[in-house]
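The values are calculated or read from the model by the stated rules, or taken from the named source; none is laboratory data. Every value quoted in this text rests on a predicted model; they were computed, and no experiment measured them. Ideal geometry is used to build each Cβ from the backbone, glycine not excepted, and the neighbour counts take in all protein chains shown. Just so you know, the surface numbers come from the protein's heavy atoms only, side chains and all, with ligands and any DNA or RNA stripped out. Shrake-Rupley method; radii C 1.70, N 1.55, O 1.52, S 1.80 Å.
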Amino acid sequence: MEVRDEAGVLLGKPLVKEIEGLTLDKRVDIVVLTLPGPLSGSLDGAVLDYAHRQPDPTALLENPVPYPERFRDGLVILAVSPEGRKVGCYFGEDVQLSMDDQKDIQNAAKDQFRRSDWRGGVLSMAREYADAANSGAWETIGMFALAGAVSIGGAVWLFLYFRSGLKAFKNVRAARDYYSRVVRDYDSIGRYADLIPEDSSYGAEAIARYRAFCKEYARFPRIAEDFVGGFSGPDWFRKCAATSAKAFRKRAFALDSQGRAVVKAAELLTMSPGWKDIWTNEVGRVMEDAERILRLRESIGRLSYSEPHSVRAPFFEDAQELDAWVSVRLARLEALVLELETGETGPSDALEELDRMSDEIHDRAERLIRAAFRIGLSRRGNRILEREEGDLFRESYEQESSPSNEESYSGSWKVNGVSGSYNPYTTIRPAFDFPPPRPSNVGKTPLTFALILGAILTVVVRIVKAVFDDDSSDSSSGSSFSGSSSSGSSSSSGSSSSF
């Protein structure tokens, strides 16, 4: 802060203390300048001449040569000519204010200057400058924040947009792979279907699946057209394209799974050389059911631990009986393999026994859940039981899922420390139905991507331009000085007016 009272109308030291007490968001050097005598021209020119006459012009000017110059960065000059009746304010380029703010700074002092209250007028100018500068700083921060938010939002939108398109491409590629495998194996599947015996319910069901498979295969080119044939160019990046492509992949997956299930049925029902692997795959469903009911029993045991022993006793009896029953059924599964090898049990009878085991597990699970409620679990325990175990187990049976809900059977199991995996989609005893998913609405929106991206970029550019660009009617750049009018004048680094 510096006072250059060339006109001798100010009390310097008290004024310095008051101006230095102002709070500014940005560090600046404020120079209060009063010019003596009448003005021969504009206040702009007088201030510039004054700067040139100083022993060190660079104290006020950025580059004194060549002419015209601009005031140095970080400098704010509050100037007044008492006899010339002019007031002005001038700025370095990095602390420039808009023309409206400059007028407000000048107008804040005019009433006091008209009363010859020079000290009060200069102090009013300094206060108005502090308010304008602080407000401008917050506006700039707000603009940067808005620009950043728009940019981040646009980046997130672009990420989701492109990710949606990539998912669509990935699903379509997977669907083509499934369909290509079906085309390659179609004749072979037909030959296997001819081997399936029709004298058992499982054989008849497998033949029915084969007929459905052939019907689906015949119309699959039309299905592909319905699902993804209407997308092109930017349309692939729309959300409905990703949804439709995913449904198309599941449709192709179902077709491929049906074909492979027919082959597996033929091999097992005719006891072909690879029947053991197919039997292991069939047993996988029963093993996963067994794992779930054991996990259900453990959860109920944990939740009922705080109940009195007399209340829990019936449940523990059921739990012990369940463990023994599971052990017997696991032993029976091992025995079935030997019986199939020796021919003592036929494949249809063995599959029937697997179905009975699954039905028994289902019934026992229901009884176990009812027993848990009978022992009076806490309300929280009941909620946990229903959410984590009971509902999950019932979903496995009562809500047999399509590939659109692939969580009911995971394809893996772990019972008594032994684990295994299987393919639930190709079992002879179907674990899933395959209702045809519908394609998403396929509509064209040309240039959607270009229009939205253009809008985002336009907003960002305008915000940044509002912060940095010069506007001749609104703000100034500080590159040169202009002439003055009778009522006032302006320069590219400041302005002045009469009072």
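Modelled this way, with points 7 Å down the Cα-to-C-beta line, the labels at LYS17 and GLU83 are 3.2 nm from one another. In straight-distance terms, cross-link reach from LYS414 covers every one of the lysines whose alpha-carbon lies under 30 Å from its own, apart from those fewer than eight places away in the same chain; here that gives LYS250, LYS264, LYS276. Amide H contacts for LEU75 (H built 1.01 Å from N in the peptide plane; partners 5 or more residues away or on another chain; cut-off under 5 Å): ASP29, GLY92. The solvent-accessible area of VAL337, taken with every protein chain present and a 1.4 Å probe, is close to 40 Å².
Do any trypsin sites (Lys or Arg not before Pro) in the range 205-290 lie in a loop, going by DSSP, with at most 15 other beta-carbon atoms within 10 Å of their beta carbon, and if so which? Let's see the in-between values first.
Working: sites: ARG209, ARG211, LYS215, ARG219, ARG222, ARG238, LYS239, LYS246, ARG249, LYS250, ARG251, ARG260, LYS264, LYS276, ARG285; in loops: ARG219, ARG238.
Of the trypsin sites (Lys or Arg not before Pro), the ones in loops of the range 205-290 whose Cβ has at most 15 other Cβ atoms within 10 Å are ARG219.
Between ASP111 and GLU198, what length in nm is gained on full extension when 0.36 nm per residue of separation is reduced by their alpha carbon distance? Could you put the intermediate results ahead of the total?
Numbers: separation 87, 0.36 × 87 = 31.32 nm, distance 10.89 nm.
Taking 0.36 nm per residue and subtracting the Cα distance, the gain is 20.4 nm.
Scanning residues 5 or more positions from ARG70 or on other chains, those with amide H under 5 Å from its amide H are GLU62, ASN63, with H placed 1.01 Å from N in the peptide plane. A crude spin-label estimate for the pair ASP355 and VAL337, with each label 7 Å from Cα along the Cβ direction, gives 2.4 nm.
Rounded to the nearest 0.05, the FRET efficiency derived from the C-beta distance between ASN423 and ALA149 at R0 = 60 Å is 0.80. Overall, the anisotropy analysis places the range 145-300 in the oblate class: the square-rooted eigenvalues a ≥ b ≥ c of its C-alpha gyration tensor yield a/c not less than 1.5, with a/b not exceeding b/c. Surface calculation, 1.4 Å probe, protein heavy atoms: ASP199 sits at approximately 140 Å² accessible. For a straight C-alpha distance cut-off of 26 angstrom, the lysines reachable from LYS86 (same-chain residues fewer than eight places away being disregarded) are LYS13, LYS17, LYS103, LYS110.
If R0 is 56 Å, the Cβ-Cβ spacing of ARG184 and ASP29 corresponds to a FRET efficiency of close to 0.10.
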